[in-house]
Amino acid sequence: MSNPRIEVDLSKIRSNTQTVVGLLKARGIGVTAVTKAVCGHPAIARAMLDGGAAGLAEARLSNVKRLRQAGITGPVTLIRTPMLSQVDDVVQVCEASYNTEIAVIAALAAAALRQNAVHGIILMVEMGDLREGIMPQDLGGMALQVVDMPGVALKGIGANFACLSGLAPTAEKMRALSVLANDVEGQCGPFLQTVSGGNSANLPWAFGARATGRINDLRIGEAILLGVDPITGDQIGGMFRDAFTLFAEVIETDSKSVRPLVNCADHTLARIQLVPDTSETKRIILAIGHQDTDAAGLSMPPGNTLIGATSDHLVIGTKDAALCVGSEMPFNMNYGALMRAMAAPEIQINLRNDRPLPIARDAYGPSKHLTLV
Ligand SMILES: *Cc1c(COP(=O)(O)O)cnc(C)c1O
């Protein structure tokens, strides 16, 4: 086995998806599975669809193309507002996209007309995260313009929380989004098929007892991949936290005294911290670094402490006397570490249990996705 590598247990991804889908179904909410943290990895996307996700969402067009090239035919929505320079490809590979700029929507409409297609538009509303979104008071006017534009169809509205600001969605915000959905329909006519309340940070609200109103979709990435609530970092009941394991290889073991004489301009080195120089702690080096992952987002196996990392090295203090050159060390990753590791060209990705569960195949077989194209 080559190192560094990520072992992905696809049965855990399927199971996590089934758990979220089942819990949200009871609340009248469908799951759109977000693949951006795994760079649109097709086998992981398939596991999400096998687990019952209604469709996929991606932030990057390059990842959508990867999904399509692997033969994934179900609906894919672009959740980052499209670049003006990419509208032709967006229309070609995505059924719909989230949008905030009328100039981009007009360009998507023109591209769709050239391709004899209709592209779905979901308008993203700003509700407090202060990242992307149309101000609520401007939503009705924008929706009217979309409805009048040939080549595009207004499919819905959505909001996003807890990305830039860390602000969690409240029941009050969700009610306000439902009211906006009703207002837009009142103003411009067409029924809004999708009212997308947010991302994994919405799950505590969605699992709660409060009415879900018009919200009928959530875009879920982190909770499916890592089994956690992104705001608290707590495990979600019944979900696996270890679908992904990163392995790195020891390239130096040394009981040298931990007294780094740091005197250099490279501020990444200055991050090195001292670990207690006790006799049973030795310092080891693994062949992985900032270029591969977010070292601070790795959870150390028991008995190990992160000392520091540079571009290509991870330095750890360990009490594990058995570790030697060539040993492998497993790590669980948080979202930031996972996202970077999945994008790192030198990390091999090994799939385990790459086989749909029989139940999942019966319930959500490929024919369903084919008809949805
Ligand atoms: C990343 C993203 C999501 C998914 O977020 P998770 O926390 O991974 O569930 C949903 N919507 C938008 C707009 C995003 O950018």
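Give me the accessible area of D354, 1.4 Å probe, in Å² rounded to the nearest 10.
Its accessible surface works out to 100 Å², give or take rounding.
So if I place +1 on the C-beta of Lys and Arg and -1 on the C-beta of Asp and Glu, and nothing else carries charge, what would the dipole magnitude of the stretch 51-178 be about its Cα centre? I want it in debye, nearest 20. Intermediate values should be presented prior to the final figure.
Numbers: 10 positive and 11 negative charges, 77 e Å.
Once rounded to the nearest 20, the dipole reads 360 debye.
Roughly how big is the stretch 9-228's charge dipole about its Cα centre, with Cβ charges of +1 (Lys, Arg) and -1 (Asp, Glu), in debye to the nearest 20?
640
Counting each pair of different Cα atoms once, what's the Kirkwood radius of the stretch 69-223 in Å, rounded to one decimal?
15.8
Largest first, how would M329, M83 line up by accessible area (1.4 Å probe)?
Output order, biggest surface exposure first: M83, M329.
Give the calculated FRET efficiency between R114 and E252 to the nearest 0.05, with a Förster radius of 45 Å applied to their Cβ-Cβ distance. It would help to have the intermediate numbers written out before the result.
Numbers: r = 58 Å, r/R0 = 1.29.
In this case the efficiency is close to 0.20.
Quick one: with all protein chains in place, what share of the accessible area of the chain is carbon or sulfur, to the nearest percent (1.4 Å probe)?
That share works out to 54 percent.
What's the magnitude of the charge dipole for the stretch 132-196 around its Cα centre, counting Lys and Arg as +1 and Asp and Glu as -1 at the beta-carbon? Answer in Debye, nearest 20.
Details: 3 positive and 6 negative charges, 36 e Å.
Using Cβ point charges on Lys, Arg, Asp and Glu, the stretch 132-196 gives about 180 debye.
Search the structure for amide H atoms under 5 Å from the amide H of F161, placed 1.01 Å from N in the peptide plane, and list their residues when 5 or more places away or on another chain.
Long-range HN contacts for F161: N199.
Ratio to report: Rg/Rh of the stretch 150-237, with Cα atoms as the point set and Rh obtained by the Kirkwood method; give two decimals.
1.02
For helix 10-25, what angle does its Cα long axis make with the longest principal axis of the chain, in degrees from 0 to 90 and rounded to 10?
Helix 10-25 and the main axis of the chain meet at about 40 degrees.
Considering only protein heavy atoms, what is the solvent-accessible area of E346 at a probe of 1.4 Å, reported in Å² to the nearest 10?
Solvent-accessible area, nearest 10 Å²: 140 Å².
Just in the stretch 281-351: which trypsin sites (Lys or Arg not before Pro) are loop by DSSP and have at most 14 other Cβ atoms within 10 Å?
Filter output for the stretch 281-351: K319.
Please report the relative contact order for the chain, taking Cα pairs under 8 Å with a sequence separation of at least 6, and give it as a percent rounded to a whole number.
Relative contact order here is 20 percent.
Excluding ligands, DNA and RNA, what is the solvent-accessible area per residue of the chain at a probe of 1.4 Å, expressed in Å²?
45
P(r) tail for the chain, what percent of Cα pairs lie past 26 Å?
Value for the chain (Cα pairs over 26 Å): 56 percent.
The values are calculated or read from the model by the stated rules, or taken from the named source; none is laboratory data. In this text the structure is predicted, and so the values were computed from the model without any measurement. Don't worry about glycine lacking a Cβ; one is built from the backbone with ideal geometry, like all the others, and counts go over all protein chains shown. Only protein heavy atoms, including side chains, enter the accessible area calculation; ligands, DNA and RNA are left aside. Shrake-Rupley method; radii C 1.70, N 1.55, O 1.52, S 1.80 Å.
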